[in-house]
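Data first, discussion second: the structure below is written as structure tokens.
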Amino acid sequence: MRPRMPPRVALFDLDRTLIRRESASLYVAYQRAIGEASVVDSARMAWWVLQYTLGVIDVEAVAKKAFATVRGKSEVSLAARCDDWVRNYVAPHLSDGARRTVKEHADAGHRLAIVTGATTYTAWPIARQLGIPHVLATQLAIDDAGNFTGEAVDPLCYGAGKITRVQELATQEGFTFDDCVFYTDSFTDLPLLERVAEPVVVNPDMRLKREAKRRGWRVEQW
């Protein structure tokens, strides 16, 4: 049997992996600061985050509600807004462990990609700051006028949808899942963790922590 080669493609989840918080919660904090959200909105988001962590939330239904709020709005305006938000509210939560690990892979000449259920407007500013050239994220549909339709491009970059997105990049860049290491905190990423050559569990939720222990996967705290 041919020995397995070390991974040469590093895939990173975003929320609670590269950054220590959930980006959606940080966006509501931003909205509150500019007068667009209330305490009730913050409480609702906290409830959704708890449900997500426990694995009892209908992610597609919640996403559909969230995406409907930008229907008819300009992509250019939202992208500029997100750049400001990420710079001031998200980037401060980038962990030293994330920065160090990304640099180690970059120095080794590995391909780098963020693979996240967040939108591209959240992920790209972080990718640029870390020098990560590829972003696999939830994409919002845009009409011919450059405005959002209120829907996402299928599939969402969540659960098994992440496998689809990585496969698209793999076909484009000429690698396979056997070349990949994947860093994530969430049990919902189990499908992709099971496909890659080297699954690495970072700041895991309780379900993933138990699964990692059962399977003997590496666990890190960033």
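Any read-out appearing in this document is the output of simple, stated calculations on the displayed coordinates, not a laboratory observation. Because the structure is a prediction, the values reported are computed rather than measured. All Cβ positions, even for glycine, are placed from backbone atoms using ideal geometry, and neighbour counts span all protein chains on display.
Report, ordered by chain and residue number, the lysines lying within cross-link reach of LYS162, taken as a straight Cα distance under 22 Å and ignoring same-chain residues fewer than 8 apart.
The qualifying lysines are LYS64, LYS65, LYS209.
Set the Förster distance to 35 Å, then compute FRET efficiency between ARG32 and GLN167 from the Cβ-Cβ distance, nearest 0.05. If you can, show how the numbers build up before the last one.
Details: r = 39 Å, r/R0 = 1.10.
For ARG32 and GLN167, the calculated efficiency is 0.35.
Amide H of LYS73 versus every other amide H placed in the peptide plane: which residues, excluding those fewer than 5 positions away on the same chain, fall under 5 Å?
For LYS73, whose amide H was placed from the backbone, the distant partners under 5 Å are PHE148.
Can you work out the Karplus-derived ³J(HN,Hα) for every residue in the range 86-99? Use 6.51 cos²θ - 1.76 cosθ + 1.60 with θ = phi - 60°, whole Hz, and x for glycine or proline.
4, 4, 9, 10, 9, 3, x, 9, 4, 8, 4, x, 5, 4
Just grab the label-to-label distance for ARG87 and ARG218, each label 7 Å out from Cα along the Cβ direction, in nm (one decimal).
3.5
Mind computing the radius of gyration and Dmax over the alpha-carbon atoms of the chain? Å is fine for both.
Radius of gyration, then largest Cα-Cα span, for the chain: 17.3, 62 Å.
Could you work out how far the C-alpha centroid of the range 157-194 sits from that of the range 63-78, in angstrom?
Computed from Cα coordinates, the inter-centre distance equals 26 Å.
Return LYS209, LYS103 ranked ascending by Cβ neighbour count within 10 Å, so the fewest neighbours appear first. The partial results should precede the final answer.
Numbers: LYS209 16, LYS103 12.
Going from least to most buried by this count: LYS103, LYS209.
Counting helices only, and only those DSSP H runs with n ≥ 4, report the 222 nm mean residue ellipticity of the chain as the sum of -39,500 (n - 2.57) divided by its residues, in deg cm²/dmol to the nearest 500.
Values: 9 runs with 101 residues, N = 222.
Value at 222 nm, helices only: -14000 deg cm²/dmol.
Starting from the amide H of LEU136, placed 1.01 Å from N in the peptide plane, find each other amide H under 5 Å away whose residue is 5 or more places distant or on another chain.
So LEU136 has HN proximity to ILE114, VAL115, THR116.
Compute the Cα gyration tensor for the range 95-216, then decide on rounded, prolate or oblate, letting a ≥ b ≥ c be the square roots of its eigenvalues: rounded whenever a/c is under 1.5, prolate when a/b is larger than b/c in the other cases, and oblate in all that remain. Walk me through the intermediate numbers first.
Working: a/c = 1.67, a/b = 1.39, b/c = 1.21.
Note, shape of the range 95-216 comes out prolate.
Taking the mean number of other Cβ atoms within 10 Å as a proxy for protection, how do you rank 19-25, 171-177, 83-89 from highest to lowest?
19-25, 83-89, 171-177
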